[in-house]
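The structure appears below as structure tokens.
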Amino acid sequence: MAKIRSDTLIQILRTQPRIHAAALRTQLGEISRATLSRTVKALGAHIISGGGSKRTRYALRRALRGDTLDMPIYRIDTSGQGQLIAQLSPTYPTGCHLSFIADYLWAFDANMRDGWFEGLPYPIYDMRPQGFLGRHFAKTHATQLQLADNPDAWADDDILYALMQMGYDQPGDLIIGDTAYQLFLTTRNLAKTTPINDDEIALSYPDLAQLAMMQGIAGSSAGGEFPKFSALRIINQRAQHVIVKFSAAGTSPAIQRWSDLLVCEHIATRTLNDTLKIPATQTNIHQHANRTFLEISRFDRHHEYGRSPVCTLASINPALIGKTTDWRHSARALQVLGWLAEHDVNQINRAWWFGKLIANTDMHDGNLAFRPGLQLAPIYDMLPMMYAPANSGEVPTPIYQIALPLPTELATWQQAATAAIGYWHDCARDTRISANFRAICRTNCDSLTNSLANIKPTAAPTRI
């Protein structure tokens with residue numbers, strides 16, 4: 001009878017993930033709690049339990065490429081020291097269980113706090129190889145990892161396996177598995193990178209750009225489609241990790257437009273920081289060898305080895321909200337759920353309106369990030385993408401259409417509009433931008449100035 005129960009228990013858990021103890025006892029023939037406990041105990045490490053008291057649920061451990069061992073998750077702190085914080089176990093038929101060893105600081109619902117996830121824990125999704133550098137990572141390591149060379153085609157198990165084997169320098173502060181952690185130690189202790197000084201940029205950055213285009217740089221998976229490379233710099237006399245976007249070498253209209261947009265992105269981060277008082281990434285522009293380089297200081301890296309956590313709305317949204325919308329409504333949904341403060345909601349609203357008014361058509365969920373808490377991380381990738389060249393190389397000249405607010409959004413819109421006017425004015429005066437695009441910026445500045453002047457505050461409602 002015990003053997004039959006064990007086999008039946010395994011069959012149930014293969015198809016019914018994260019099943020409550022009461023339901024499991026019923027399906028096993030109305031057995032007692034004690035009998036269920038003995039049956040589970042007899043199966044040993046094959047069975048995972050999570051949740052306390054009446055919330056206890058069970059799952060069957062699932063192997064990843066033949067390995068059923070727990071996967072350690074390490075956190076790297078701001079000084080570069082590692083700490084074991086959790087053990088991760090895939091479960092049947094999908095999903096996983098996370099056993100917490102130290103405080104896990106992200107916003108989790110009740111099921112997640114019990115350790116249960118329908119897929120991977122959502123901060124892990126931002127660690128997956130993606131974008132320009134992620135494609136190079138996949139192509140470089142696909143054969144070794146026995147995975148497709150397109151990371152967009154990877155399932156959760158593929159992501160997890162790749163991170164366990166090679167994911168030692170992913171966004172954020174986590175490393176999964178002993179193999180990846182050993183790579184982190186090896187690169188830190190044996191393959192020290194010499195930081196690039198200001199006077200070395202003119203030679204180093206063109207070489208790194210050429211290498212990124214010809215061979216790919218597989219050591220980082222920072223997202224985004226713009227060509228880029230990572231580097232370690234000396235900035236303000238301290239080591240600083242940077243991501244460097246760059247334009248192609250040449251003078252074609254499309255190349256010039258991409259160069260213009262990189263300068264525009266630099267000016268946007270300055271406007272967010274200085275005018276709107278919204279934290280944004282720190283950036284610098286360098287122009288060498290007929291290329292424009294936008295140097296972006298990484299806010300998830302500290303000095304040579306330190307790290308801090310970060311997670312994008314693209315990973316948070318499916319886990320906590322489950323509804324595709326714009327930044328404003330996602331922020332409000334997170335606030336209603338009790339995970340985001342009013343101050344951050346207001347900053348996101350102003351950043352979103354600023355983006356709309358500077359023609360940023362690329363404010364997707366991957367371009368808004370948070371720190372644990374949740375707390376808004378510095379804004380990045382803010383630029384007038386409406387003017388980006390098409391894949392064909394054609395340089396568009398779309399009409400600048402000013403987004404207008406609802407009455408309840410007027411005050412926020414006016415703040416963002418004032419900042420956007422200053423932004424377009426600064427772009428129109430910056431000689432690193434082509435004369436043609438400066439003229440566009442000047443026209444947009446005038447149009448938005450007129451709109452702001454013509455919009456009056458809404459009158460108070462009349463009492464009836």
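The values are calculated or read from the model by the stated rules, or taken from the named source; none is laboratory data. These numbers come from a predicted model, not from an experiment. Here the Cβ is made from the backbone with ideal geometry for all residues, glycine too, and neighbour counts use every protein chain on show. Calculation scope for accessible area: heavy atoms of the full protein, side chains included, ligands and nucleic acids excluded. Shrake-Rupley method; radii C 1.70, N 1.55, O 1.52, S 1.80 Å.
Suppose the chain between GLU30 and LEU105 were pulled fully straight at 0.36 nm per residue; how much longer would it get relative to their current alpha carbon spacing?
23.1 nm
If you roll a 1.4 Å probe over the range 1-134 with all protein chains in place, what percent of the accessible area is carbon or sulfur?
50
Would you compute, for the Cα atoms of the range 277-338, the largest minus smallest coordinate along each principal axis and list the three values in descending order, in whole Å?
Cα spread of the range 277-338 along its principal axes, largest to smallest: 48, 29, 24 Å.
Please work out the FRET efficiency for the pair ARG38 and THR78, using the Cβ-Cβ distance as r and a Förster radius of 51 Å; give the result to the nearest 0.05.
Using R0 = 51 Å, I get an efficiency of 0.60.
For the chain, what is the accessible area per residue in Å², given a 1.4 Å probe and the full set of protein chains?
Here the residues of the chain average 47 Å² of exposed surface.
Amide H neighbours of ALA403 under 5 Å, counting only residues 5+ apart in sequence or on other chains, H built in-plane at 1.01 Å?
none
Magnitude of the Cβ-charge dipole of the range 212-351, K/R +1 and D/E -1, about the Cα centre, nearest 20 debye?
On the way: 15 positive and 10 negative charges, 15 e Å.
Using only the charged Cβ atoms, the result is roughly 60 debye.
If you average 1/r over all unlike Cα pairs in the range 1-146 and invert the result, what Kirkwood radius do you get in angstrom?
With all distinct Cα pairs of the range 1-146 included, I get 17.2 Å.
Place a +1 charge on the Cβ of each Lys and Arg in the range 1-51 and a -1 charge on the Cβ of each Asp and Glu, then give the dipole magnitude about the Cα centre in debye, rounded to the nearest 20.
Computed charge dipole of the range 1-51: roughly 100 debye.
Charges on Cβ only, +1 for Lys and Arg, -1 for Asp and Glu, centred on the Cα centroid of the range 1-134; of GLY95, ALA22, ALA45, which one is farthest towards the dipole's positive end?
ALA22
Given the DSSP H assignment, sum -39500 (n - 2.57) over each helix run of at least 4 residues in the chain and divide by its residue total; what's the result at 222 nm in deg cm²/dmol, nearest 500?
Rounded to the nearest 500, the figure is -12500 deg cm²/dmol.
Using a 1.4 Å probe on the protein chains only, how many percent of the accessible area of the range 239-301 belongs to carbon and sulfur?
About 50 percent, which is the carbon plus sulfur part of the accessible surface.
Quick one: grab the alpha carbon gyration tensor of the range 124-173, order the square roots of its eigenvalues as a ≥ b ≥ c, and give me rounded if a/c is under 1.5, else prolate or oblate depending on whether a/b is larger than b/c.
rounded
Sort by residue number and name the cysteines in the chain that have no neighbouring cysteine Cβ under 4.7 Å.
Lacking a cysteine Cβ partner under 4.7 Å: CYS96, CYS264, CYS311, CYS445.
So how far apart, in nm, are the two label points at MET386 and ALA22 if each is 7 Å from Cα heading toward Cβ?
Between MET386 and ALA22, the label points sit 5.6 nm apart.
Apply 1/(1 + (r/R0)^6) to the Cβ-Cβ distance of THR94 and THR186, taking R0 = 41 Å, and write down the FRET efficiency to the nearest 0.05.
Efficiency at R0 = 41 Å is approximately 0.80.
Helix 33-42 against the longest principal axis of the chain: what's the angle in degrees, Cα atoms only, rounded to the nearest 10?
With both axes taken from Cα atoms, the answer is about 80 degrees.
How large a share of the accessible area of the range 311-405, in percent, is made up of carbon and sulfur atoms when the probe is 1.4 Å and the other protein chains stay in place?
C and S fraction of accessible area: 50 percent.
Determine ³J(HN,Hα), in whole Hz, for all residues of the range 311-320 in sequence, where each value follows from phi through the Karplus function 6.51 cos²θ - 1.76 cosθ + 1.60 and θ = phi - 60°; x replaces Gly and Pro.
In residue order, the calculated couplings are 8, 8, 4, 4, 8, 6, 4, x, 7, 10 Hz.
With θ set to phi - 60°, apply the Karplus curve 6.51 cos²θ - 1.76 cosθ + 1.60 along the range 358-372 and write out the HN-Hα couplings as whole Hz, x wherever there is a Gly or Pro.
Whole-Hz 3J(HN,Hα) from phi for the range 358-372: 9, 6, 8, 9, 10, 8, 7, 5, x, 9, 9, 10, 9, 9, x.
Along the positive direction of the dipole of the chain (beta-carbon charges: Lys, Arg +1; Asp, Glu -1; about the Cα centre), which of ALA63, GLY131, PRO405 reaches farthest?
ALA63
List every residue whose amide H lies under 5 Å from the amide H of ILE235, counting only residues 5 or more places away in sequence or on a different chain, with H placed 1.01 Å from N in the peptide plane.
GLN240
Quick check: the angle from helix 156-166's long axis to the longest principal axis of the chain, C-alpha only, nearest 10 degrees?
Here the helix axis deviates by roughly 80 degrees.
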